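Contents: one structure, followed by commentary.
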Amino acid sequence: FANKGAFNSPQQIILLRFQVWQMDIDDESVDRLWIILKAAIQQILRKDTGGLCFSELYNIAYMLTQQRRAMKMYAGLKEIITQHLSSNVKPEMVDSQKNNFLGILYKTWSDYLVEITMIEDIFIRMDQIYAKNHGMDSVFAIGVTLFKEQVLSHSSIKKQLQQLLLGMIDQDRKGELVDRENIRNICKMLMILSLDGRSLYEEYFEEPFLSRSIKLFQSESRKLLAEKSADKYLKEVEDRIEEEEERALSCLDISTGERIIQVVEQEMIVKHMRTIVEMEISGLVHMLEHTKTQDLARMYRLLGRVPGGLKLMCDCMSSYLRQRGQLLFSQEKAGLNPVDQIQNLLDFKAQCDHFLSESFNNNKLCNQTIIGEFEHIFNLNTHSPEYLSLFIHDKLTKGTKCLTEQEVESYLDKALMLFKILQEKDMFEKYYKQHLSYRLLSNMSVSEHTEKSMILRLKRECGFQFTAKLEGMFKDMSISTTTMEEFLSHIQTVPISLSGLNLTVKVLTSGVWPTQPQAPKCSIPSIPSTAFEVFRSFYLAKHNGRQLMLQYHMGWADVNATFYGSLQKVNDPESNAGGAQVTRKHILQVSTFQMTILMLFNNRETFTFKEIQQETDIPDNDLLRALLPLYWGKPSQRVLVKEPDCKQIKKEDIFTVNDEFSSKKYKVKMKLVPGKKEAAVPQKEGEKTRYRVDQERKLQIEAAIVRIMKSKNRLHHRALVTELTQQLQGSFQPSSAVVKTCIETLIEKEFIARTPEDERAYVYIA
């Protein structure tokens with residue numbers, strides 16, 4: 001029979017010989033047999049079992065049970081155990097309160113548990129037949145209950161047990177050496193004494209322990225918050241949790257471990273988490289600004305343990321990201337370099353992604369917070385579509401930076417991340433077409449492969465319709481190359497001269513390229529004009545019914561320039577020419593407008609600004625943009641000289657060729673705008689682009705409304721707006737005001753109508 005309840009002693013197996021008595025016995029025999037059992041029980045409780053025959057005792061108890069005398073044995077057994085506990089055990093424990101009380105208590109309990117197990121084995125048939133059938137406690141349960149009532153319920157014993165047990169926990173928390181095994185043994189004793197529940201364990205230890213811990217952690221948290229920074233406070237809390245978990249695992253019941261950790265979390269985290277997160281000098285914002293990766297990870301781990309902790313942290317992080325992002329990428333900073341603004345935003349996003357992976361364990365809520373705030377910041381600036389396109393333009397343009405193919409691809413991936421959260425994708429497409437056309441027409445793309453790689457990214461994100469025109473631009477370039485080869489072969493077979501001009505024409509499909517229906521005027525010189533007319537005749541002969549219209553603002557030219565004059569006055573460290581050199585030749589890479597201006601000086605030495613206007617017929621704004629790089633910059637690298645020498649232009653100002661021009665480069669590229677900071681599309685041009693996009697959006701909205709109403713036939717206003725937003729979200733977010741205007745337009749055109757019973761519901765008119 002197993003020795004039930006013994007913690008550390010091995011199980012004892014007692015082999016009995018069974019002898020079943022079937023005969024009926026009289027009351028006198030019953031009394032005599034009970035006296036034998038009673039004496040045996042008393043001997044067992046006194047640890048005097050040497051002369052006992054357990055097989056005979058078992059047979060006696062079994063026989064009395066069979067003879068329906070179990071009630072007598074049951075009552076007598078309780079009386080004997082009660083007498084033993086009250087007369088022997090309790091006084092002994094009271095007397096030992098000053099001498100290793102807990103050790104003596106556990107030794108007494110362990111011995112008693114063995115004794116009760118022996119007694120239980122003798123009366124096992126009484127348990128099975130009588131106690132079970134009558135719903136009464138087993139012998140083991142009687143023994144446990146009586147020990148609880150007669151020994152532990154004594155006020156002085158209970159008080160001493162609690163004080164010593166809690167005192168040992170306090171000592172352990174202070175780092176003093178204690179006998180944890182003693183704590184574990186007493187806790188297990190209390191759990192067994194609670195029988196199948198935890199009532200006694202909770203009453204004697206757990207509730208006082210938790211109550212005491214609450215007060216301790218309340219005091220400790222107040223003290224730490226007054227003395228420590230947020231990062232040090234969190235370290236103390238984390239250490240406290242680890243200590244409590246280790247202690248509970250070592251010597252407490254498993255459920256107590258869970259409850260004590262809840263107490264630590266409640267008193268040291270939940271009640272102070274806002275204070276911790278918002279600490280001015282050391283809180284979340286400080287950690288983010290100073291890249292405190294480990295401290296952020298600790299804050300994430302601890303706040304993630306409690307309800308609402310991560311949300312509070314993310315709310316605070318959201319405010320910080322929004323504020324910091326607006327400083328980096330605000331509307332007010334529109335005058336700064338757009339490429340650098342996008343790069344600053346990407347660097348900030350990379351820093352946040354570092355926190356996400358290294359500190360926040362890629363938590364979904366943290367990730368949503370970061371993405372959500374960056375989407376808000378990025379779309380708050382109305383220049384975002386243009387700036388993003390300029391950023392890509394910077395990476396895909398030759399000569400801007402020495403980037404490897406892998407570096408370019410990495411930048412394009414980062415740009416795509418911003419493109420995904422961009423709301424005005426249609427506006428981006430307009431700017432991207434302008435910048436792509438510049439790269440293609442000026443042969444400034446880093447490579448066709450990289451260009452098409454970016455377009456493929458856009459296509460995967462938005463579909464083939466979004467990139468159809470971009471792909472059409474590459475198709476035109478390919479066809480133009482073939483056309484020029486045919487043209488050059490043609491002029492070799494006919495008596496036509498291009499006057500030594502090396503002509504290259506790109507035929508652009510209307511509607512695909514960012515061309516203008518009414519391109520700026522320009523009276524180009526006769527030689528290039530004549531050469532183009534030769535090409536026009538050739539092309540129209542092959543393509544009957546087509547029209548060719550020059551887009552002067554999109555053209556480029558390589559102009560052979562010869563400069564005469566002494567360099568004695570030139571003080572330019574970049575010049576590699578000597579004073580003896582008089583004639584210098586360069587190729588000037590200029591726009592069509594600049595070519596037209598410069599070729600005027602083949603006929604005369606000087607021109608006023610007004611005369612240049614009249615001779616070239618270039619619109620004022622385009623003329624100013626073309627002239628500025630020619631006359632303003634380093635004195636030795638000005639192609640033209642203006643009198644008076646100032647940046648502003650008046651109609652009477654006089655321009656002449658700068659014969660002292662010099663450059664280390666043979667090919668000199670003249671830009672339309674002088675500085676990188678002005679790389680963005682000019683304000684008026686940007687306003688025109690936005691106006692055109694707004695008009696196109698209205699047409700898209702109206703078309704989408706008609707499609708939706710045709711399929712649904714009848715819709716309420718709210719449902720229509722929801723469906724409309726879903727259909728257009730891949731291109732732009734329609735505003736409620738514009739949607740309302742488009743609905744009114746469609747009602748006037750009798751595509752839809754309001755229902756008589758509800759003005760906010762619409763029906764489709766077939």
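Read-outs: derived from the displayed coordinates by stated rules, not from any lab. Model, not experiment: these values are computed from the prediction. Because the Cβ atoms are built from the backbone with ideal geometry, glycine has one as well, and the counts that use them run over all protein chains shown.
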Packing-based exposure ordering (other Cβ within 10 Å, fewest first) of S523, S138: S523, S138
Distance in nm between pseudo-label sites at L456 and R760 (7 Å out along the Cβ direction from Cα): 4.9
Overall dimensions of the range 683-764 by Cα: Rg and Dmax, Å: 13.6, 48
Percent of Cα-Cα distances greater than 22 Å, calculated over the range 474-549: 26
Between 0 and 90°, nearest 10: helix 70-84 axis offset from the chain longest Cα axis: 80
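Over the alpha-carbon set of the range 144-266, divide Rg by the Kirkwood Rh and report the Rg/Rh ratio to two decimals.
Working: Rg = 15.8 Å, Rh = 15.4 Å.
For the range 144-266, the value is 1.02.
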Stretchable slack from E750 to R184, in nm (0.36 nm times residue separation minus alpha-carbon distance): 195.2 nm
MRE, 222 nm, helices only [DSSP H, n ≥ 4, -39500 (n - 2.57), over the chain, to nearest 500]: -19000 deg cm²/dmol
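With all distinct Cα pairs included, what does the Kirkwood hydrodynamic radius of the chain come out to in Å, to one decimal, could you say? Walk me through the numbers before you get to the answer.
Values: mean 1/r = 0.0276 Å⁻¹.
Value: 36.2 Å, from the Cα pair sum.
For the range 584-635, state which trypsin sites (Lys or Arg not before Pro) are in a DSSP loop and have at most 16 other beta carbons lying within 10 Å of their beta carbon.
Working: sites: R584, K585, R604, K610, R625; in loops: R604.
Here the trypsin sites (Lys or Arg not before Pro) that fit, given the DSSP loop and packing criteria, are R604.
Out of the GluC sites (Glu not before Pro) in the range 575-644, which ones are loop residues according to DSSP with at most 13 other C-beta atoms within 10 Å?
E605
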Alpha carbon Rg of the range 276-339, scaled by the compact-globule rule 2.2 N^0.38 Å: 1.35
Residue exposure sequence - K107, K188 - by fewest surrounding Cβ within 10 Å: K107, K188
Cα gyration tensor, the range 330-415 - rounded (a/c under 1.5), prolate or oblate: oblate
Rounded to whole Hz, the Karplus (6.51, -1.76, 1.60) HN-Hα couplings of the range 127-132, x for glycine and proline: 4, 6, 9, 8, 4, 5
T608 long-range amide H proximity, modeled H, under 5 Å: F655
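Does the range 80-212 classify as rounded, prolate or oblate by the C-alpha gyration tensor (a ≥ b ≥ c root eigenvalues; a/c under 1.5 gives rounded; else a/b over b/c gives prolate, otherwise oblate)?
Details: a/c = 2.36, a/b = 1.83, b/c = 1.29.
Since a/c reaches 1.5 and a/b is larger than b/c, the shape of the range 80-212 is classed as prolate.
Could you work out the local net charge near T745, counting Lys and Arg as +1, Asp and Glu as -1, over the other residues with Cβ closer than 15 Å to its Cβ?
Value of the local net charge: -1.
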Per residue, the convex hull volume that the Cα atoms of the range 35-153 enclose (Å³): 93
Hz values of 3J(HN,Hα) by residue in the range 106-119 - Karplus curve (6.51, -1.76, 1.60), Gly and Pro given as x: 5, 5, 4, 5, 4, 5, 4, 5, 5, 5, 5, 5, 4, 4
From phi via Karplus (6.51, -1.76, 1.60), per-residue ³J(HN,Hα) for the range 726-739 in Hz, x at Gly/Pro: 5, 6, 9, 4, x, 10, 6, 9, x, 7, 4, 5, 5, 4
Net charge, R322 excluded, C-beta distance under 12 Å - Lys, Arg +1, Asp, Glu -1: -2
Kirkwood hydrodynamic radius of the range 276-469, from inverse mean 1/r over distinct Cα pairs, in Å: 18.1
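Counting other C-beta atoms within 10 Å, and keeping those with at most 15, which DSSP coil chymotrypsin sites (Phe, Trp or Tyr not before Pro) do you find in the range 208-262?
Working: sites: F209, F217, Y233; in loops: none.
Taking the range 208-262 and a limit of 15 other Cβ atoms within 10 Å, no loop chymotrypsin sites (Phe, Trp or Tyr not before Pro) are found.
For a quick check: sort T482, T596 by the number of other beta carbons within 10 angstrom, fewest at the front.
Arranged by neighbour count, lowest to highest, T482, T596 become T482, T596.
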Anisotropy class of the range 685-733 from Cα gyration tensor, a/c 1.5 cut: prolate
